[in-house]
1. How much mean residue ellipticity at 222 nm does chain A get from its helices, if each DSSP H run of length 4 or more adds -39500 (n - 2.57) and you divide by all residues, to the nearest 500 deg cm²/dmol?
2. If you take each beta carbon of peptide A:102-115 and count the beta carbons of other chains within 10 angstrom, what is the mean?
3. For B:Tyr59 paired with B:Val137, estimate the spin-label separation in nm (one decimal), with each label point 7 Å from Cα along the Cα-to-Cβ line.
4. If you average the sequence gap of Cα pairs under 8 Å that are 6 or more apart and divide by the length of chain A, what percent do you get for the contact order?
5. Give me the net charge of A:Ser17's neighbourhood, meaning all other residues with Cβ under 14 Å from the Cβ of A:Ser17; Lys, Arg count +1, Asp, Glu -1.
6. Using a/c under 1.5 as the rounded threshold, could you call segment A:1-70 rounded, prolate or oblate? The axes a ≥ b ≥ c are square roots of the C-alpha gyration tensor eigenvalues, and prolate needs a/b larger than b/c, oblate otherwise.
7. Where the centre of each part is set by its Cα atoms, how far does segment A:101-167 sit from segment A:70-87, in angstrom?
8. Anything over 24 Å Cα to Cα? Flag those among A:Lys127/B:Lys129; A:Lys23/A:Lys66; A:Lys66/A:Lys129, in the order listed.
Number of protein chains: 2
Amino acid sequence: MDIQYAILGILSWQSLSGYDIKKVISDSDVFYWSGNNNQIYNNLIALHKNGLVTQEIIYQESLPAKKIYSITETGQQALRNWLLSNPDLPEIHNDFLIQLSWADLLSADEIDDLLARYEEEIGVQLKMKQIQNVRQVAPSRTARERYLWRMIAENMSAAYQRELEWVRQVREGLRQEKFIEERNEDGNGNNN
Amino acid sequence: MDIQYAILGILSWQSLSGYDIKKVISDSDVFYWSGNNNQIYNNLIALHKNGLVTQEIIYQESLPAKKIYSITETGQQALRNWLLSNPDLPEIHNDFLIQLSWADLLSADEIDDLLARYEEEIGVQLKMKQIQNVRQVAPSRTARERYLWRMIAENMSAAYQRELEWVRQVREGLRQEKFIEERNEDGNGNNN
DNA sequence: CTTGTCATGTAAGAGGTTACATGATTCG
DNA sequence: CGAATCATGTAACCTCTTACATGACAAG
């Protein structure tokens with residue numbers, strides 16, 4: 001998708017400077033971009049050129065001037081149209097699964113160690129998400145909006161929760177050698 | 001991560017041409033790249049230059065010549081080192097959650113329609129994954145390897161399954177106006 | 001005395017995507 | 001007769017990332 005819609009969305013919540021938009025994006029997991037300057041500032045310029053946002057320069061003493069961006073009527077309409085457009089499927093890039101694909105090259109202990117490290121990392125991440133969910137800054141204009149943001153946060157916690165359960169299940173299955181039962185005649189000779 | 005490890009992994013399973021590696025990657029959800037020519041062929045050249053794979057040219061009558069790549073000892077060692085390296089967290093890019101972030105701009109019916117379309121798409125995808133899991137081509141050199149690949153496939157099915165449950169829960173919550181209970185005094189006036 | 005914050009911007013590059021080109025063959 | 005398969009390769013482009021640059025001020 002286009003990061004411009006994410007920026008438009010944020011500006012539909014609050015008028016902000018590029019610097020502040022960058023912070024919102026960097027701190028968020030939903031807005032999954034790194035929030036680097038290049039992208040934010042260039043896209044703000046593009047949005048401005050197309051009349052989707054307006055720019056107000058605020059001069060400050062002893063601090064650099066800042067440009068506060070606000071969404072326009074056109075911008076709001078563009079955002080609305082995008083909100084109504086067909087949802088895309090989530091894109092999941094799980095490098096660990098690729099690692100696991102070839103993990104049969106490793107010993108039983110090495111695989112379990114790898115899985116243990118993954119479990120640990122997922123566990124840490126899950127705890128961080130749960131803390132973050134409590135103290136996050138979120139738009140809270142209506143009860144419905146609060147509900148939506150709560151469900152979005154829960155979505156991500158639940159994803160890690162499920163991943164944790166899965167990795168535990170995989171380890172358990174390996175420990176109990178669940179895979180032995182379905183032996184076949186093939187042996188392990190291969191024509192490599 | 002580096003797609004080169006994915007390619008090395010595939011070659012540790014079978015010696016293949018670039019064309020066939022492309023097919024493996026395109027058809028797979030675990031190997032999440034599009035599998036475009038540029039990437040595959042250039043990376044094979046790089047792997048070859050670094051001595052991680054060897055190349056054997058097969059001339060065919062009435063079909064274009066093909067280059068069969070095989071993994072070398074060095075390549076196998078590089079793959080093994082990567083397999084033992086620290087797992088990365090999954091990267092989830094769920095554009096729908098961004099859409100939902102600003103969905104409070106929509107009417108109740110519009111939000112439900114959006115969620116319904118998402119539910120539909122996830123449902124379709126889930127069914128496709130489940131069919132794919134049965135008829136997929138996978139390395140099957142040991143019982144353990146079959147187990148790992150089964151668990152990887154299950155991981156992805158379960159991710160969609162959970163997403164489906166989540167979206168149904170969100171819709172149900174909106175229908176029952178679960179968000180009303182926690183009204184606050186803020187009203188909906190904001191300083192935009 | 002260095003590091004971090006505020007605030008904008010530029011530069012360079014990695015990584016990935018779609019599209020095009022070739023040319024024989026096979027399938028509907 | 002047009003489209004897909006086999007098989008490799010090139011070109012153009014877009015997105016996103018890290019790193020650098022400025023300069024004043026505050027905090028440890």
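1. Working: 7 runs with 114 residues, N = 192.
One gets -20000 deg cm²/dmol as the mean residue ellipticity at 222 nm.
2. Details: counts 14, 7, 13, 9, 4, 0, 1, 0, 3, 3, 0, 1, 5, 1.
Taking the mean over all residues of the peptide, I get 4.
3. Distance between the two pseudo-spin positions: 2.7 nm.
4. Values: 126 pairs, mean separation 29.4, N = 192.
Here the relative contact order equals 15 percent.
5. Summing Lys/Arg as +1 and Asp/Glu as -1 gives +2.
6. oblate
7. 30
8. Details: A:Lys127/B:Lys129 30 Å; A:Lys23/A:Lys66 15 Å; A:Lys66/A:Lys129 32 Å.
Table pairs above 24 Å Cα-Cα are A:Lys127/B:Lys129; A:Lys66/A:Lys129.
Rule-based calculations on the coordinates, nothing more; no lab input. As the structure is a prediction and not an experimental result, all values here were calculated from the model. Glycine gets a Cβ as well: all are built from the backbone with ideal geometry, and neighbour counts include every protein chain shown.
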